[in-house]
Amino acid sequence: MRVFLLLSLAAAASAFGVSRPTISTTTTRSTSVYGMPEERTQVSLDNEAKANRWKEIRLLSDEEAEAQLSGEELEAFQTYHGEIKDDIQKMTEIATMMLKSLEPPRVKAKGKKQRKRDAWAKKAAIAGG
């Protein structure tokens, strides 16, 4: 019974242990880690060139973009920034609506004299009308 208890404790403890990583004999290259083939095709090279170009032009201001870009690049830039500006405007509207619902306008409490004036006006309206 004691032997069984000790063996079960040892098995349970080893179940939560960290396994040793397997060490491969071949060295992994960064291209194989990211799933890129070792020999790049022309399509992947073109896509990488377009991505690098977009990284350059994405952060330009509207004036700089109109001065430096033309054709398809300018159209893509304007479409992208138009969508971003619309999204920002929608989010600011949502944020203002949320702030209004979180902090409703507070009405100042009436004082004793104002409550008496209101009560007298109510009585006068009932008596007069």
Determine, yes or no, whether L69 is open to solvent by less than 100 Å² (accessible area, probe 1.4 Å) and of a type outside the set (G, A, S). yes
Test of understanding: among K100, K85, K110, K90, which residue is assigned to a helix (DSSP H, G or I), over 30 Å from L60 (Cα atoms), among the charged types (D, E, K, R) and open to solvent by 100 Å² or more (accessible area, probe 1.4 Å)? K100
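Quick grid of which residues meet (1) closer than 30 Å to K50 by Cα; (2) of a type in the set (K, R):
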{"position": "A65", "(1), (2)": "yes, no"}
{"position": "P104", "(1), (2)": "no, no"}
{"position": "K108", "(1), (2)": "no, yes"}
{"position": "W120", "(1), (2)": "no, no"}
{"position": "G128", "(1), (2)": "no, no"}
Does at least one position in the stretch 63-82 carry a residue that is of a type in the set (S, T, N, Q) and modelled with pLDDT under 85? yes
Among the residues of the stretch 33-46, is any among the hydrophobic types (A, V, I, L, M, F, W, C), modelled with pLDDT of 65 or more and touching a His at 6+ places or on another chain (Cβ under 9 Å)? no
When every residue in the stretch 55-66 that is without any contact (Cβ under 8 Å) to a residue 12 or more places away in the chain and assigned to a helix (DSSP H, G or I) is compared, the one least open to solvent (accessible area, probe 1.4 Å) is E64
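The values are calculated or read from the model by the stated rules, or taken from the named source; none is laboratory data. Keep in mind that what you see is a predicted model, and the values were worked out from it rather than measured. Cβ coordinates were reconstructed from backbone atoms using ideal geometry, including for glycine residues, and neighbour counts include every protein chain displayed. Quick note on the areas: whole protein, heavy atoms, side chains included, nothing else; ligands and nucleic acids left out. Shrake-Rupley method; radii C 1.70, N 1.55, O 1.52, S 1.80 Å.
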